[in-house]
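Here's the structure we're looking at; comments come further down.
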Amino acid sequence: MKTSRLEAFSDGVLAIIITIMVLELKVPHAVELSALKPVLPVLSSYVLSFIYLGIYWNNHHHLFQATEEVSGGILWANLHLLFWLSLFPFTTAWMGENQLAAIPTAVYGFVLLMAAIAYYLLERVIIAKEGRESLVAQAVGKDRKAKLSLLLYFAAIPLAFVISWIAAGLYVFAALLWLIPDPRIEREIEKRYE
């Protein structure tokens, strides 16, 4: 099976997730800029989660540009990823509305961790299907950035119970690592078709 249906479905799910997140934002009833101050924590957590969803959408798109065809295992691995991403609106709102309280901040990190693991598993299922010489396998390589992100999430979750701002800072730092689209897959595609 070609990848186009999986990509279209995933794009639709991500669009819905972003829509749900933005609907959670409450509009201030006053018109002064100072009216934004109480909603800044919620707005900040929304921006961070929007960036994360953009990162996943971008990397997911590149991943499936390099994938030859889809199997049942790949479909389930993709659904596993979408499940964890679908929890972003809940954890984003919970963390933002409680101004980085320890438990919501740790749960946010847990969801980030599980989404990262799910993406890693999706890559591994694709590589298992397509082989070690596949475009995805060559592009992913040792995946140091992904491993560093996992370490940051693992560190941030318990830190949320000590100083939640440090945990939030680690979440921001992990997002910044991925903000510039990962060029590995594009480079491998270009090499293959030269």
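Looking at LEU122 and the list (1) under 14 Å from the mean Cα position of the chain (by Cα); (2) at pLDDT below 95; (3) closer than 19 Å to LYS2 by Cβ, which single condition is not satisfied?
Every listed condition holds for LEU122 apart from (2).
Every residue in segment 45-76 that is of a type in the set (A, V, I, L, M, F, W, C), surrounded by 16 or more Cβ atoms within 10 Å (Cβ to Cβ) and farther than 18 Å from ILE20 by Cα, please.
LEU63, PHE64, ALA66, VAL70, ILE74
Kindly indicate which of VAL107, VAL111, VAL42, VAL31 is open to solvent by 50 Å² or more (accessible area, probe 1.4 Å) and aliphatic (A, V, I, L, M).
None of the other options fit; the residue is VAL31.
The values are calculated or read from the model by the stated rules, or taken from the named source; none is laboratory data. Since the model is a prediction, treat every value here as computed from it, not as a measurement. All Cβ positions, even for glycine, are placed from backbone atoms using ideal geometry, and neighbour counts span all protein chains on display. For accessibility, only protein heavy atoms count, side chains too; no ligands or nucleic acids. Shrake-Rupley method; radii C 1.70, N 1.55, O 1.52, S 1.80 Å.
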